[in-house]
1. Listed highest first by mean packing, meaning other Cβ atoms within 10 Å per residue, what order do 103-113, 60-70, 313-323 come in?
2. Work through the residues other than GLY70 whose Cβ is under 12 Å from its Cβ and net out their charges, Lys, Arg +1 and Asp, Glu -1.
3. Relative to the longest principal Cα axis of the chain, at what angle does helix 313-334 sit, 0 to 90 degrees, rounded to 10?
4. Calculate how large, on average over all directions, the projected area of the Cα convex hull of region 112-258 is; give the answer in nm² to one decimal.
5. For each of MET209, MET325, MET137, count neighbouring Cβ atoms within 10 Å of the residue's Cβ, then give the residues from fewest to most.
6. Among LYS72/LYS330; LYS33/LYS72; LYS56/LYS187; LYS117/LYS345, which pairs are too far apart, with a Cα-Cα distance over 20 Å?
7. Give the value in nm², to one decimal: projected area of the alpha carbon convex hull of region 231-372, averaged over all directions.
8. Would you calculate a helix-derived [θ] at 222 nm for the chain, using -39,500 (n - 2.57) for each DSSP H run of n ≥ 4 and dividing by the full residue count, to the nearest 500?
Amino acid sequence: MKTRALSLLTVLIVLSLLLSACGAAPQSGEPIKVGGIFDLTGATADVGVPYADGLKGYVDWINAKGGIKGRKIELIGNDYAYKVPNAEQLYSQYVTQDKVVAIQGWGTGDTEALRTKIATDKLPFMSASYSANLVVMADAPYNFLIGTTYSDQMVIGLRWALQDWQAKGGSGKAKVAFFYNDSPFGKSPLPAGNEFAAANGMEVLEVAMPRGATDLTPQLSQVQAFSANYIIIQNTSGPGSLAAKNAKGLGLNAQIICLNWCADENLIKLAGAAAEGVVGTIHFAPPGTGVAGVKDIVDYTKSKSINLEEKGLHYVQGWWTMAVMAEGIKRVLDSNKPITGENLKAALETISNFETGGVTSPLTFTATDHAGNKALRLYQVKAGKWESISDFIGAK
């Protein structure tokens, strides 16, 4: 009897080991927890709210379809009001209390401040910051960028400006004013911009845009005195629209180029006629372009009575950022491994030429490069709408 009991115990142990090897445990129906650090009331809430709504929308959409291989995503999101200490507090809560496996973040200052913790905790982190500092692998091995870096956007914008200057028969050096949010986000692309300008004989003036300003005429007067031919704006669309209106009021003829957070539907809505002709470095297709990658978004928002035209391209941006994280989670589950930060990082690093239905250029991550998107389309405001004026182009 005793021998028989031992034999049964041995069989059970072997079966347990086999089931473990086959990955039965990781396929349990427990939700997959992802943290969310959102700006819903802070300085960048004008673009932060639709972006967060896009993240939430994708989660609701995929969960309604049964989740990822039967596992639903639980997005635990909170407002940090664009304050770094709040982001650090939320991060600590997500890691120690909520036990999330990854985080969707937001700003440059907070994402850069969290880099060391993210690396130590081995927690994959995607955010709406496209600072080039976040793709330095030695400092940020667990950060993944879905959008084109601000530095690459700056170079693409400057290259277009240089070509435009030459095409118009401009004499002497083209003069460019960098008009930027006075924050780590705003300053992020300045080194790359200065380097490109110096190498290509362009003169540069840097002018900070004070936070909360209701009139940018004093700052634009500096641009006017500099006789700038081009103004590149690194800010959100609220201040960007104010700059466009104030520039028009001053009679400035400089061509405005908006980097991605300034180049959206809100700029057109707020700036009105002053937005006409503005060029934008847009790395996520606006919903009205009709590319294949927005179809599910259009169908979902209609079913939920969400005004996608009002939410705009930042909703698409949030949706597809979450979709890429979900693809990494799916690949972990396909490999019959548990969902851990290390396994998710490794899975994301297998993504190669991942298609987003034309919303972005194809995305690729490797173990040595987490800048997944290296190209974008240039758009220009024509008759009150963003129209594509280029195919996908890269900084190099």
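Read the figures in this text as sums done on the coordinates, not as results from a lab. All values derive from a computational prediction rather than experimental measurement. Positions of Cβ are backbone-derived with ideal geometry, glycine not excepted, and every protein chain shown enters the neighbour counts.
1. Highest to lowest by the protection proxy: 313-323, 103-113, 60-70.
2. Surrounding charge for GLY70 is +4.
3. Approximately 30 degrees, to the nearest 10.
4. Across all orientations, region 112-258 yields a mean hull projection of 9.3 nm².
5. MET137, MET209, MET325
6. The answer is LYS56/LYS187.
7. 10.4
8. So the calculated ellipticity at 222 nm is -13000 deg cm²/dmol.
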